[in-house]
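Following this message is one structure expressed as structure tokens.
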Amino acid sequence: MTSLCPLKPADIADVTQAAREMLEESEWQAFGLDPAAVEAMARRVIYDQDKPRLGVIARGRDTAVCGVMVAEIDDLDWVLGRRAINVFTFVTHQRAGSLTGPRLIRSFLTWAHSHRVDAVEFGVSSGVRLQSSDRLLRAFGFRPVQRTYLMRSEDTDGQGKHPRSPARKAGISARHDPS
């Protein structure tokens, strides 16, 4: 059985390791991990009281980390209302397809609803297990409203065009030019 516990200072190294594992399998792996930023994120969850934050760590019977969830509540960027948003969610490769992910999501939803938010947003930006993540989130009642597209800056020519893209060949810019 997996246990879910609030993040504590002793968990920070495990959160950093989970971030490392998540990065290794994601589309973001070329960027490298910033352990100081991960530690700062964990410390904000544990210590800062400037806004509501959730930090949950999932551990198996052997106390090995199975998953991590970090979330926060903030104002919506361009409409009235407050949202709960997952900042960092990871389930180890070995636990993919287990109940770890659903239990983390359920704890996130319970927490979000206790804070009476107007919307709950869950992003999947790793680029892995997208179909199973989609099925799971839809089963919880989420519906897709946006997509995340990734292009590394080294893959462009500095003008918003990929050197091998059909848009570049057609003279189409990623930027809108009304002239």
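The values are calculated or read from the model by the stated rules, or taken from the named source; none is laboratory data. Being a predicted model, the structure only gives us computed values, none of them experimental. When we count neighbours, we look across all protein chains shown, and the Cβ atoms used for this are built from the backbone with ideal geometry, even at glycine. We work out accessible area using only protein heavy atoms, side chains counted, and drop any ligands, DNA or RNA first. Shrake-Rupley method; radii C 1.70, N 1.55, O 1.52, S 1.80 Å.
Does region 138-159 include one or more residues that are outside any helix (DSSP H, G or I), modelled with pLDDT under 70 and surrounded by 10 or more Cβ atoms within 10 Å (Cβ to Cβ)?
The answer is yes; a qualifying residue exists.
Considering region 113-130 alone, what residues qualify as being in a helix (DSSP H, G or I) and modelled with pLDDT of 90 or more?
Listed by number, the residues that qualify are His113, Ser114.
When you look at Leu23, is it within 15 Å of the chain's Cα centre (by Cα), over 21 Å from Phe108 (Cα atoms) and hydrophobic (A, V, I, L, M, F, W, C), yes or no?
Spelling it out, Leu23 is indeed within 15 Å of the chain's Cα centre (by Cα), over 21 Å from Phe108 (Cα atoms) and hydrophobic (A, V, I, L, M, F, W, C).
Continuing with the same structure: Which numbered condition trips up Thr110, out of (1) in a loop (DSSP other than H, G, I, E, B); (2) exposed (fewer than 13 other Cβ atoms within 10 Å of the Cβ); (3) at pLDDT 80 or above?
(1)
So which pairs qualify, if the first residue must be in region 91-102 and in a helix (DSSP H, G or I), the second must be open to solvent by 40 Å² or more (accessible area, probe 1.4 Å) and at pLDDT 85 or above, the Cβ gap must be under 7 Å, and the two must be at least 6 apart or on different chains?
Gly101/Leu136; Pro102/Leu136
Thr63 is checked against (1) in contact with a Leu (Cβ under 9 Å, 6 or more places away or on another chain); (2) more than 20 Å from Arg129 (Cα to Cα); (3) among the hydroxyl-bearing types (Ser, Thr, Tyr) and fails just one. What number does that condition carry?
(1)
Looking at (1) in a helix (DSSP H, G or I); (2) farther than 26 Å from Tyr149 by Cα; (3) open to solvent by 30 Å² or more (accessible area, probe 1.4 Å), which one does Arg61 not meet, given that it meets all the others?
All conditions are met except number (1).
Can you tell me which residue among Ala36, Ala30 is in contact (Cβ under 8 Å) with a residue 40 or more places away in the chain and over 22 Å from Thr100 (Cα atoms)?
Ala30
If Cys66 passes every condition in (1) assigned to a helix (DSSP H, G or I); (2) surrounded by 13 or more Cβ atoms within 10 Å (Cβ to Cβ) but one, which one does it miss?
The single condition Cys66 does not satisfy is (1).
Condition test on Phe122, is it surrounded by 17 or more Cβ atoms within 10 Å (Cβ to Cβ), under 15 Å from the mean Cα position of the chain (by Cα) and farther than 18 Å from Arg20 by Cβ? Don't jump to the end; show me each part of the working.
Details: surrounded by 17 or more Cβ atoms within 10 Å (Cβ to Cβ): yes; under 15 Å from the mean Cα position of the chain (by Cα): yes; farther than 18 Å from Arg20 by Cβ: yes.
Judged against the criteria, Phe122 is a match.
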